[in-house]
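**Student:** The structure's right below; bear with me while I get my questions together.
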Amino acid sequence: MNSLDWAVLIGYFGVMIAIGVWSHKRVGDVSDFFTAGGKMPWWLSGISHHMSGYSAVMFTGYAGIAYQYGVTSYVTWSFPIAVGIAIGAKLFAPRLNRLRSRLHVASPLEYLKNRYNIPTQQALAWSGVLLKIVDVGAKWAAIATLLSVFTGVSLNQGILITGVVTGVYCTVGGLWADALTELGQFVIQFLAGIAMLVAVMVELGGFSSLWTVWDDLPASHTEPTTGPFTVTFLLAYLFIKTFEYNGGMWNQAQRYMATSSAHEATRSARLSAALWFFWPLVLFFPMWVAPLLVKAEKPDASDSYALMSEQLLPHGLLGLVIVGFFSHTMAMCSSDANAIAAVFTRDIAPVISVKARSWSMRAGLLAARLSTVSFLALSMAIATQVNSPTFKDIITVVIKWVAGLMGPIAIPFMLGMLRPLRRSGPTAALVSWAAGLFAFWLTNYGLDGVELQIQIVSPLAISLVLYVLIGFIKPEATPERDAVLARINSDDDDSGAAAAVPVPAPAGDAVAPGATKD
């Protein structure tokens, strides 16, 4: 990098902070901070949903997969995500929106107190928070790895720089700042992606290289499934991502909650699905042909995209591509920080602190911002350990830990919104959650030689089967729980203007902010 590249990078950081400061004016209460007050346009929500779904791991871990195995990186990653989001556009997106518009909650998990009980809500909240700290730590490590390739700064310095900048804008501006910066990041990413695609095509002989280079690459590069990424892996990934990217990891759920109505949430999901279908093809082509242009130095080829950028792009454009790297990770990490802060302040704090149940608007907003800062600090600390023997490497954390542990948390949360599963109550939720976590430990650390696809799909599959089965064996439907489901599933008056009907909490349970108790 030279002074021009640094100017582009510093200018990007400055614009992100400026957007956060501007967004600060739109945040008047906790609802604005966590769900944009239900006023976010569907197209902004859709772009934000897309951008918050992947990070710089795309340019490290998945770039290495594309370098070694070819088009399977798209077929077994972004394609199943697109299909999963398209499925959820009608199944989950409108119901998530009704959590806010009908029940007036500000956190995705806030309704679980009434749908199940407080112990279930707390189990899902605490386990999800801990998982997300590890997940975002991997994202910080990925972007710091890229920064070190270009600038020579240490891993810890890179983590600190990106974490501080992200912390400033997402803490002061909440979800509005996240969404608006993600819009800006999408524009930058588009320009950087096109610049890289053009540079690669020019180097390989022009536009015709899109179809002429494949004979020069290994034959397996055109196989849709190859190596460890088998058809079974593809189906497992589709199964997992349908839950994860429709709200199972909470930050995407907030995008649907932030739109004005259930119909707008559906439109938002369809836009995100379309972007996942088409845009990764532009990003992946340079990675697929990278073996013809550079020789990766790392065994997993995770440095291939960075090396190719250095070799092909002039200064200025190189800085733009680096900014594109940052845009991915900062979008995901800031959205995760906002989601975790929502869960902590709305779901966890009111249970562990009596004072939190009667926070004023100002105190609640201050707690939201402090929670955001705390989460970012913890995830940055984890990032410095992501290459330790416990975590092994970045891509292991992202594929194995997150995909494997997400399911037991997502199943009770997401399936709990569906009326056909009204019989599944607290017992089904807690048993399925605990069994899924045990399955993750068993397949990853208790048994030797378990295939990757079994490791990542078994926790979700076991949680799903037990959740449904226990609901039939031990039905726990009650009038109060049915009332919650009726509000979430009814499509009457989905204009967003429907008044919320107070939902009674289970007798004796503490009531979190935003709920009422008879």
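**Student:** Placing +1 at every Lys and Arg Cβ and -1 at every Asp and Glu Cβ, with all other atoms neutral, what dipole size does segment 190-271 have around its Cα centre, in debye to the nearest 20? Walk me through the intermediate numbers first.
**Tutor:** Working: 4 positive and 6 negative charges, 102 e Å.
In debye, rounded to 20, segment 190-271 gives about 500.
**Student:** Okay, moving on. Size of the dipole of the chain about the Cα centre, Lys and Arg at +1 and Asp and Glu at -1 on the beta carbon, nothing else charged, in debye to 20? Don't skip to the end; give the middle numbers.
**Tutor:** Working: 32 positive and 31 negative charges, 325 e Å.
About 1560 debye.
**Student:** Do any of LYS90/LYS241; LYS39/LYS90; LYS132/LYS241; LYS139/LYS400 go past 18 Å between their Cα atoms, and which? Show your work: numbers first, answer last.
**Tutor:** Values: LYS90/LYS241 16 Å; LYS39/LYS90 20 Å; LYS132/LYS241 16 Å; LYS139/LYS400 14 Å.
From the list (LYS90/LYS241; LYS39/LYS90; LYS132/LYS241; LYS139/LYS400), the Cα-Cα distance tops 18 Å for LYS39/LYS90.
**Student:** Find out how many positive minus negative residues lie around ILE81, taking Lys and Arg as positive, Asp and Glu as negative, among other residues whose Cβ is under 10 Å from that of ILE81. Please report the intermediate quantities before stating the final value.
**Tutor:** On the way: positive: LYS241; negative: GLU244.
So the environment of ILE81 carries a net charge of 0.
**Student:** For segment 152-170 and segment 237-306, what is the separation of their C-alpha centers, rounded to whole Å?
**Tutor:** 23
**Student:** If packing is taken as the mean number of other Cβ atoms within 10 Å per residue, what is the order of 181-190, 474-483, 15-24, 258-267, highest first? Present the calculation step by step, with values, prior to reporting the outcome.
**Tutor:** Values: 181-190: 20.5, 474-483: 14.3, 15-24: 18.8, 258-267: 24.6.
By packing density, highest mean first, the sequence is 258-267, 181-190, 15-24, 474-483.
**Student:** May I ask for log10 I(q)/I(0) of the chain at q = 0.07, 0.09, 0.13 Å⁻¹, from a Debye sum over the Cα atoms as equal point scatterers with solvent left out?
**Tutor:** Once normalised to I(0) and log-transformed, intensities are -0.36, -0.60, -1.25.
**Student:** Something else: With contacts defined as alpha carbon pairs under 8 Å and 6 or more residues apart, what's the relative contact order of the chain in percent? Mind dumping the intermediate values first?
**Tutor:** Details: 951 pairs, mean separation 156.7, N = 518.
For the chain, the relative contact order is 30 percent.
**Student:** If you don't mind, there's one more thing I want to ask. If packing is taken as the average number of other Cβ atoms within 10 Å across a peptide's residues, how do 300-311, 285-296 rank, most packed first? Please list the in-between numbers first.
**Tutor:** Working: 300-311: 21.9, 285-296: 20.0.
Ranked from most to least packed, the peptides come out as 300-311, 285-296.
**Student:** Still on this structure, I have one more. With labels modelled as points extended 7 Å from the Cα through the Cβ direction, what inter-label distance (nm, one decimal) is found for LEU370 paired with ASP491?
**Tutor:** Each label point is offset 7 Å from its Cα along the Cβ direction, giving 4.5 nm.
**Student:** Within 9 Å, Cβ to Cβ, of SER45, how many net charges do the neighbouring residues add up to if Lys/Arg are +1 and Asp/Glu are -1? Mind showing how you got there, number by number?
**Tutor:** On the way: positive: ARG255, ARG267; negative: GLU264.
Around SER45, the surrounding residues sum to +1.
**Student:** Another question, then. Mind giving me the FRET efficiency for GLU223 and VAL450? R0 is 30 Å, r the Cβ-Cβ distance, nearest 0.05 is fine.
**Tutor:** On the way: r = 24 Å, r/R0 = 0.80.
Calculated value: 0.80.
**Student:** Helix check for the chain. Which DSSP H runs span at least 20 Å along their own axis by Cα, with a mean Kyte-Doolittle hydropathy no less than -1.0?
**Tutor:** Details: long enough: 3-24 (31 Å, 1.34); 118-151 (48 Å, 1.08); 155-204 (45 Å, 1.41); 262-288 (39 Å, 0.65); 317-343 (39 Å, 1.47); 361-383 (33 Å, 1.42); 426-441 (23 Å, 1.32); 452-473 (32 Å, 2.13).
Flagged H segments are 3-24, 118-151, 155-204, 262-288, 317-343, 361-383, 426-441, 452-473.
**Student:** When a/c reaches 1.5 or more, the comparison of a/b and b/c decides; with that in mind, is segment 1-81 rounded, prolate or oblate per its Cα gyration tensor?
**Tutor:** Values: a/c = 3.73, a/b = 1.39, b/c = 2.69.
Because a/c hits 1.5 or more and a/b fails to exceed b/c, segment 1-81 counts as oblate.
**Student:** Given R₀ = 60 Å, what would the calculated FRET efficiency be for LEU235 paired with ASN156, taking r from the Cβ atoms and rounding to 0.05?
**Tutor:** Numbers: r = 39 Å, r/R0 = 0.65.
E(calc), rounded to 0.05, equals 0.95.
**Student:** Using just the helices of the chain, give the 222 nm mean residue ellipticity in deg cm²/dmol: DSSP H runs with n ≥ 4 each add -39,500 (n - 2.57), and the total is spread over all residues, rounded to 500. Show your work: numbers first, answer last.
**Tutor:** Details: 21 runs with 336 residues, N = 518.
Counting only the DSSP helices, I get -21500 deg cm²/dmol.
**Student:** For TRP214 paired with ILE352, estimate the spin-label separation in nm (one decimal), with each label point 7 Å from Cα along the Cα-to-Cβ line.
**Tutor:** 5.4
FYI, it's all coordinate maths here, none of it is from the lab. Keep in mind the model is a prediction, meaning the values are calculated, not measured. A quick note on method: Cβ atoms are made from the backbone with ideal geometry, for glycine too, and the neighbour counts reach across all protein chains shown.
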